[in-house]
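Read the structure below first, then the notes.
Laboratory data are not the source of any read-out in this text; all were calculated from the coordinates shown. None of these values were measured; they are calculated from a predicted model. Quick reminder, even Gly has a Cβ in these numbers, built from the backbone with ideal geometry, and neighbours come from all protein chains shown.
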Amino acid sequence: MIHGFWSYIFLSWQSKLLFFDISQYKSNPVLPSTFLRDMTINKIVVGGLGNNCYIVESEKIGIIIDPGDEADKIIKAAQGLDIKMILATHRHFDHINALQQVKQTVKAEAAIHPSDWVSGFDIKLNDAQVIEFGKEQLRVIHTPGHTPGGCCFLVGNDLFSGDTLFPNGPGNTLFTGGDGQAILRSIREKLMVLPDETMVYPGHGPSTTIGRERALY
Ligand SMILES: [Zn+2]
């Protein structure tokens, strides 16, 4: 990591490229869709860009999504769980900075789509692949656009959307491999087919629902 003044300049610059308000990082929305279900969602906000790391759990079996930074915080949240797999929505550093440290401690393999492959990963995800954990199933939805190998993960009515879908707009397509047409196609064809009540948990900032975002697409 870079530190001090230059890190501040870099993060300020980068945050301007993301489609959300940095003040929203501090909000901690209730996660209503898990009410009366056999699954819990733990949202852990990490790093200078306010990345959301999620741990989904059923029957004490967990999946970690986007170990972005602050490994200690993530490892602590994973305590008592048998972590089946670590998933990355995409390859950007702010989503995988803590990967190695978390991986070594929780002793789980890490998976990412092959089009976003970077070192440190073990398993290649395919579109429509299903990963079972406890009593739940997680479905991989390949949603290229923010990056070529970007994926969203659907568990029941809960969608973990990485940097593909945010409240009030799509993720940016300004970095290497970004594609503005592709991200809109991904959102329209693969996410807007989900029911209105689907909860959307993005890679930064607060949650939303498919119904609330539908009018924009
Ligand atoms: Zn990103």
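Observations on the structure shown:
- Protection proxy ranking for 206-215, 148-157, 61-70, using the average of other Cβ atoms within 10 Å per residue and placing the highest first: 61-70, 148-157, 206-215.
- Using the Karplus relation 6.51 cos²θ - 1.76 cosθ + 1.60 with θ = phi - 60°, the per-residue 3J(HN,Hα) values for segment 188-195 come to 5, 8, 10, 9, 6, 7, 7, x Hz, with x marking Gly and Pro.
- Inter-probe distance in nm under a simple model that places probes 7 Å from Cα toward Cβ, at Asp82 and Val118: 3.1 nm
- Mean Cα-pair separation over length for segment 137-188, i.e. relative contact order, pairs under 8 Å, 6 or more apart, %: 38 percent
- Proxy reagent accessibility, fewest Cβ within 10 Å first, across Ile75, Ile55: Ile75, Ile55
- The length gained by stretching the chain between Lys43 and Gln104 to full extension, at 0.36 nm per residue less their Cα-Cα distance, is 19.9 nm.
- Stretching Glu59 away from Arg212 to a fully extended chain increases their span by 52.0 nm, per 0.36 nm per residue minus the current alpha-carbon distance.
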